[in-house]
Amino acid sequence: MLVNGGASNTAAVLQLVERLRPIRLAAELVAALAGPPLATYTGVLLADTAVPAWHEARRELPLLFGASASASAGAAACMFLGPKDAGPARRLAVGGVVAEGVVMSEMIRRLGKAGEVYRRGAARKLSLAATMLAGGGAALLATGGRRSRGAAAVGGALVCAGEICLRYAVMEAGKQSARDPVYTVGPQRERADRDGTKATTKL
């Protein structure tokens, strides 16, 4: 975090003052290399727990958090840049929203029974809010955001709000799965049955 933050701030300051171009380029490279691990490590940490909805999604969570970080970073940049200068940021935001939608759908599908938590309670409400806000914001960025700074600012704000909802949806889904014995005891029994079957087969 310190490496990425220091490199990003250095690059931004040098870009602003238009000095020391080689150092700025080096700082940009360091920030680019340190960014992906920083964006995905939260998903890795959540997956490395015994919480069913998080642990069973260990393949998708880092990708989901990475896509979400890309979307929010691009959207935040669109809020402060003019439409002519915001092309790369706009594409990053829209691409991130599309990628997270694909990853989220695949994650819920692969989770099977544990994925039901995303269709219940607070996790469901937050997931729907994330989809509507981020999807609407991305659509606005891709259309009106190309020409209007106001539309870009609103679209970027909607995407950022959607990404916040997505993070909370994942947190709530984990809490809901941890509280319900169906998702905690059930999988343990299934694994025990499978291990017992394998042991019997070997004998």
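The values are calculated or read from the model by the stated rules, or taken from the named source; none is laboratory data. Computed from a prediction, not measured in an experiment: that's the story for all the values here. All Cβ positions, glycine included, derive from the backbone under ideal geometry; neighbour counts span all protein chains shown. These accessible areas exclude ligands, DNA and RNA; they are computed on the full protein's heavy atoms, side chains included. Shrake-Rupley method; radii C 1.70, N 1.55, O 1.52, S 1.80 Å.
Could you tell me whether G74 is under 22 Å from L141 (Cα atoms) and open to solvent by less than 50 Å² (accessible area, probe 1.4 Å)?
On the way: under 22 Å from L141 (Cα atoms): yes; open to solvent by less than 50 Å² (accessible area, probe 1.4 Å): yes.
So G74 passes the test.
Can you tell me which residues in segment 1-53 are of a type in the set (D, E) and either crowded, with 18+ Cβ neighbours inside 10 Å or assigned to a helix (DSSP H, G or I) (or both)? Give the steps one after another, and end with the answer.
Let us first name the residues in segment 1-53 that are of a type in the set (D, E), namely 18, 28, 48.
Listed by number, the list holds a single entry, E28.
E100: among the charged types (D, E, K, R), buried (at least 24 other Cβ atoms within 10 Å of the Cβ) and within 18 Å of E172 (Cα to Cα), yes or no? Working first, answer last.
Working: among the charged types (D, E, K, R): yes; buried (at least 24 other Cβ atoms within 10 Å of the Cβ): yes; within 18 Å of E172 (Cα to Cα): yes.
Criteria met by E100.
So which of M107, M171 is surrounded by 18 or more Cβ atoms within 10 Å (Cβ to Cβ) and within 21 Å of E56 (Cβ to Cβ)?
On the way: M171 fails: surrounded by 18 or more Cβ atoms within 10 Å (Cβ to Cβ).
Just a single option satisfies the conditions, and that option is M107.
Within the group G162, G155, which residue is buried (at least 16 other Cβ atoms within 10 Å of the Cβ), over 18 Å from T42 (Cα atoms) and in contact with a helix residue (DSSP H, G or I) (Cβ under 6 Å, 6 or more places away or on another chain)?
Numbers: G162 fails: over 18 Å from T42 (Cα atoms).
Just one listed residue meets the conditions, G155.
Which of the residues that make up segment 12-35 are over 23 Å from the mean Cα position of the chain (by Cα) and under 16 Å from A73 (Cα atoms)?
So in segment 12-35, the residues over 23 Å from the mean Cα position of the chain (by Cα) come out as 12-27.
Once the filter is applied, which keeps residues that are over 23 Å from the mean Cα position of the chain (by Cα) and under 16 Å from A73 (Cα atoms), segment 12-35 yields only A12.
How many of the residues in segment 129-146 are open to solvent by 40 Å² or more (accessible area, probe 1.4 Å) and more than 18 Å from A67 (Cβ to Cβ)?
Number satisfying all stated conditions: 3.
When you scan segment 75-95, how many residues do you find that are without any contact (Cβ under 8 Å) to a residue 40 or more places away in the chain, in contact with a helix residue (DSSP H, G or I) (Cβ under 6 Å, 6 or more places away or on another chain) and of a type in the set (G, A, S)?
1
From the residues in segment 76-95 that are in a helix (DSSP H, G or I), among the small types (G, A, S) and more than 13 Å from the chain's Cα centre (by Cα), which one is nearest to A157 (Cα to Cα)? Before the answer, list the steps.
Taking segment 76-95 first, the residues in a helix (DSSP H, G or I) are 76-80, 87-95.
In the following step, the residues that additionally are among the small types (G, A, S) were identified as 76-77, 87, 89, 93, 95.
Now narrow it down to the ones that are more than 13 Å from the chain's Cα centre (by Cα): 76-77, 87, 89.
On the way: A76: 7, A77: 10, G87: 17, A89: 13 Å.
That would be A76.
Being open to solvent by 60 Å² or more (accessible area, probe 1.4 Å) and under 18 Å from A173 (Cα atoms): is that true of R149 here?
Working: open to solvent by 60 Å² or more (accessible area, probe 1.4 Å): yes; under 18 Å from A173 (Cα atoms): no.
No: the conditions fail for R149.
Is at least one residue of segment 41-52 within 18 Å of G5 (Cβ to Cβ) and of a type outside the set (G, A, S)?
Taking segment 41-52 first, the residues within 18 Å of G5 (Cβ to Cβ) are 41-42.
Filter once more, keeping what is of a type outside the set (G, A, S): 41-42.
Yes; the residues of segment 41-52 include at least one that is within 18 Å of G5 (Cβ to Cβ) and of a type outside the set (G, A, S).
Check V102, V98 and return the single one that is more than 18 Å from I164 (Cβ to Cβ), within 17 Å of the chain's Cα centre (by Cα) and free of Cβ contacts under 8 Å to residues at least 24 places away in the same chain. Before you say what the answer is, go through the steps one by one.
Values: V98 fails: free of Cβ contacts under 8 Å to residues at least 24 places away in the same chain.
The match here is V102.
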